[in-house]
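A.B. asks: One structure coming up, written as structure tokens, with questions to follow.
The values are calculated or read from the model by the stated rules, or taken from the named source; none is laboratory data. Quantities reported herein were computed from a predicted structural model and do not represent experimental measurements. Please note: Cβ atoms are built from the backbone with ideal geometry, for glycine as well, and neighbour counts cover all protein chains shown. Keep in mind that these areas ignore ligands, DNA and RNA; they rest on the heavy atoms of the full protein, side chains included. Shrake-Rupley method; radii C 1.70, N 1.55, O 1.52, S 1.80 Å.
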Amino acid sequence: QVQPVESGGGLVQTGGSLRLSCLVSGSRFSITPMGWYRQAPGKQRELVARITSSGSTNYEDAVKGRFTISRDNAKNMVYLQMTSLKPEDTAVYYCNTAPLQSTYWGQGTQVIVSS
């Protein structure tokens, strides 16, 4: 079972950038597809970016062209580079396996984009 620990969130103005990081415990990380999810207030958690073990990526339409997911298998890390941030990107961001393999979630990292 992977256990993620997210970091890197914060308060940023519209148009700004942030880089989120996720340290993942678990011996099978390098062969596990991972994703970044977000949950905005009053909304369901959604998958916004996914990366396979070989590095192939895909994105939700709302973030395509602005967010970039990457991974470092040697360090058990997953990253989300976010640029051109918008107020609607405000949410708690989580990383986890994608597709989900368990119900375990880390504490997430809060991103607030001010207008």
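A.B. asks: If you go through the stretch 84-91 one residue at a time, do you hit one that is modelled with pLDDT of 95 or more and surrounded by fewer than 13 Cβ atoms within 10 Å (Cβ to Cβ)?
C.D. replies: yes
A.B. asks: Using the structure shown, decide if LEU80 is under 13 Å from PRO4 (Cβ atoms) and open to solvent by 60 Å² or more (accessible area, probe 1.4 Å).
C.D. replies: no
A.B. asks: So, one more: Looking at the stretch 57-105, which of the residues that are among the aliphatic types (A, V, I, L, M) and in contact (Cβ under 8 Å) with a residue 40 or more places away in the chain is farthest from CYS22 (Cα to Cα)?
C.D. replies: Result: LEU85.
A.B. asks: Here's something else I'd like to know. Considering ARG45, ARG38, which residue is modelled with pLDDT of 95 or more and under 17 Å from LEU11 (Cα atoms)?
C.D. replies: ARG38
A.B. asks: Could I ask something else about it? Looking at (1) under 14 Å from MET77 (Cβ atoms); (2) hydroxyl-bearing (Ser, Thr, Tyr); (3) under 15 Å from the mean Cα position of the chain (by Cα), which one does TYR37 not meet, given that it meets all the others?
C.D. replies: Failing condition for TYR37: (1).
A.B. asks: Kindly establish whether VAL63 is outside any loop (DSSP other than H, G, I, E, B), surrounded by 13 or more Cβ atoms within 10 Å (Cβ to Cβ) and modelled with pLDDT of 95 or more.
C.D. replies: Spelling it out, it is not the case that VAL63 is outside any loop (DSSP other than H, G, I, E, B), surrounded by 13 or more Cβ atoms within 10 Å (Cβ to Cβ) and modelled with pLDDT of 95 or more.
A.B. asks: Can you pull out every residue in the stretch 1-53 that is part of a strand (DSSP E or B), of a type in the set (A, V, I, L, M, F, W, C) and surrounded by 16 or more Cβ atoms within 10 Å (Cβ to Cβ)?
C.D. replies: VAL12, LEU18, LEU20, CYS22, LEU23, VAL24, MET34, TRP36, LEU47, VAL48, ALA49, ILE51
A.B. asks: Within the stretch 24-67, can you find the residues that are under 19 Å from VAL2 (Cβ atoms) and of a type in the set (Phe, Trp, Tyr)?
C.D. replies: Selection gives PHE29, TRP36, TYR37.
A.B. asks: Now for a different question. Please verify whether THR52 is without any contact (Cβ under 8 Å) to a residue 60 or more places away in the chain and out of contact with any Leu (no Cβ under 7 Å at 6 or more places or on another chain), treating the condition exactly as stated.
C.D. replies: yes
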